[in-house]
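Okay, so here's the structure we're looking at.
The values are calculated or read from the model by the stated rules, or taken from the named source; none is laboratory data. In this text, all values refer to a predicted model and were calculated from it rather than measured experimentally.
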Amino acid sequence: MVTVQHTDYDPLTKQQVQFKTQYKIGGQNILANTFGLFQIGREVLISGNICGYGQEAFMWIVNALSVSIPSGHQTNTLSSNIKSNNNAAMRRRPGL
């Protein structure tokens, strides 16, 4: 079970709202090594189906079908080390 905090825009209050969702990561072979991908501050894309609602925690419960990292394998804390590496910047193609 993984708990993720989300931020969304509420058109009624015209403000950003935060809420948490619990994701059930099953024991399937394709999702077996995904727990190492979850880190604080890292963007994660999880696809799944809503299977319930935890009333005591006020959270949706979702069965995860797939997990991916759209922003790469570095966390926000490592981004400063990557920017200081001149060799990596020189290999990067313009416009990408």
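Scanning segment 40-73 for residues that are small (G, A, S) and part of a loop (DSSP other than H, G, I, E, B), which turns out nearest to T7 (Cα to Cα)?
Going through segment 40-73, the residues small (G, A, S) turn out to be 41, 47-48, 52, 54, 57, 64, 66, 68, 71-72.
Then drop every residue that is not part of a loop (DSSP other than H, G, I, E, B), which leaves 41, 57, 71-72.
Numbers: G41: 13, A57: 17, S71: 17, G72: 20 Å.
Only one residue fits best here, namely G41.
What is the number of the single condition among (1) under 15 Å from the mean Cα position of the chain (by Cα); (2) modelled with pLDDT of 70 or more; (3) aliphatic (A, V, I, L, M) that L31 does not meet?
(2)
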